[in-house]
Amino acid sequence: MKQKQWLKYLFYIAIILVTVSMRVYITKLAKGFYNETFQMNFYLLIIIVLINMTLGLLLGLEHLLKEIKAEGTWKINLPKLILLGLPSLYCSIANFSIYSPSKFLFYFFAKPLWNLLSYDVNILSLFQLIFGYIIVTSFYKDIKEGRVDSQIFI
């Protein structure tokens, strides 16, 4: 049993390292493209955002695997998804809305976060990780083991 755990976590870290390496490579491509053309490649930014969200999903993967094995019906923790997930998604999208050709995206996403972005644009990567983690941990199985309604029979 212990050996299985070691292999499982070794597999997790290998996947995380591959994903981080992909992010580094694509970030390097995006910076090279920007240095040559003075324009940010919108599609590379989307890929970077998706990779960051995937890293968050990988961090919460163990929770999802435990829930898959559990008995019960699938439920969604809606307060968690709305109160933590939506703001994280909003901040996550601000990263590529800065370079979007659409002025609507810029004024709706990036402009309200301008103070946050003026100090450190990399903070948005953290929001992308959080969003991925919130998504994967918002799903759970509800176990109802022979519950009886709390009615009092007279």
When (1) over 27 Å from Leu17 (Cα atoms); (2) surrounded by 12 or more Cβ atoms within 10 Å (Cβ to Cβ); (3) modelled with pLDDT under 90 are applied to Gly146, the one that fails is (2)
Condition broken by Val121, with the remaining ones in (1) part of a helix (DSSP H, G or I); (2) within 23 Å of Arg23 (Cβ to Cβ) satisfied: (1)
Please go through the stretch 27-41 and pick out each residue that is open to solvent by 50 Å² or more (accessible area, probe 1.4 Å) and assigned to a helix (DSSP H, G or I). Lys28, Leu29, Lys31, Phe33, Tyr34, Asn35, Glu36, Thr37
Given (1) under 30 Å from Tyr12 (Cα atoms); (2) part of a helix (DSSP H, G or I), number of the condition Ala110 does not satisfy: (1)
Might you check whether a residue that is open to solvent by 50 Å² or more (accessible area, probe 1.4 Å), assigned to a helix (DSSP H, G or I) and under 18 Å from Leu126 (Cβ atoms) occurs anywhere in the stretch 63-79? no
In the stretch 11-26, which residues are among the β-branched types (Val, Ile, Thr) and more than 12 Å from Leu58 (Cβ to Cβ)? Val24, Ile26
For the stretch 81-110, give me the residue count where each residue is under 18 Å from Leu44 (Cα atoms) and open to solvent by 90 Å² or more (accessible area, probe 1.4 Å). 2
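The values are calculated or read from the model by the stated rules, or taken from the named source; none is laboratory data. Since the model is a prediction, treat every value here as computed from it, not as a measurement. FYI the Cβ positions are ideal-geometry reconstructions off the backbone, even for glycines, and counts take in every protein chain you see. To get the accessible areas, we keep the full protein, side chains included, count just its heavy atoms, and leave off ligands, DNA and RNA. Shrake-Rupley method; radii C 1.70, N 1.55, O 1.52, S 1.80 Å.
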